Amino acid sequence: MHFAYILYSPTKDRYYVGSCEEVAKRLVKHNNNHAGFTGKTGDWVIKWTEDHPTKSDALKRENQIKSWKSGKMIEKLINKV
């Protein structure tokens, strides 16, 4: 199983969209001090996940969400009931 996911940083007030096999492990990596967009704040939280049967499917969903380039669209997805 693979996942598309959305993280949120209160410090940056920004979302991050990604995909992986294990979201909890990936979150730990995002919150460790490293070079890159998620590296410095250490306060990323999981806001949304969606499971996919293949890595390819999860990556397609990640790219679809990134193509929106819209925080409002991401919030709509996160708040979808």
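Where the accessible area of the chain is counted over protein heavy atoms with a 1.4 Å probe, how much of it, in %, is carbon and sulfur?
About 52 percent, which is the carbon plus sulfur part of the accessible surface.
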*asked:* Quick test of the membrane-span-like rule: which DSSP H helices of the chain reach at least 27 Å along their long axis (C-alpha atoms) with mean Kyte hydropathy at least -0.5?
replied: none
*Tell me which label goes with the value of Cα Rg over 2.2 N^0.38 Å computed from the coordinates here: (1) 1.04; (2) 1.12; (3) 1.21.*
(1)
*Could you state the accessible area per residue of the chain in Å², with a 1.4 Å probe and every protein chain left in place?*
66
*Using a simple spin-label model with points 7 Å from Cα along the Cα→Cβ vector, what separation in nm is obtained for LYS69 and VAL45?*
2.9
*How would VAL45, VAL17, VAL28 line up by accessible area, probe 1.4 Å, largest first?*
VAL28, VAL45, VAL17
*asked:* Students sometimes get this wrong: rank PHE3, PHE37 by accessible area, probe 1.4 Å, all chains present, largest first.
replied: PHE37, PHE3
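The values are calculated or read from the model by the stated rules, or taken from the named source; none is laboratory data. Predicted, not measured: the structure shown is a model, and the values here were computed from it. Positions of Cβ are generated from backbone atoms using ideal geometry, with glycine treated the same way; all protein chains shown enter the neighbour counts. Each accessible area value is taken on the protein alone, full model and side chains, heavy atoms only, with ligands, DNA and RNA left out. Shrake-Rupley method; radii C 1.70, N 1.55, O 1.52, S 1.80 Å.
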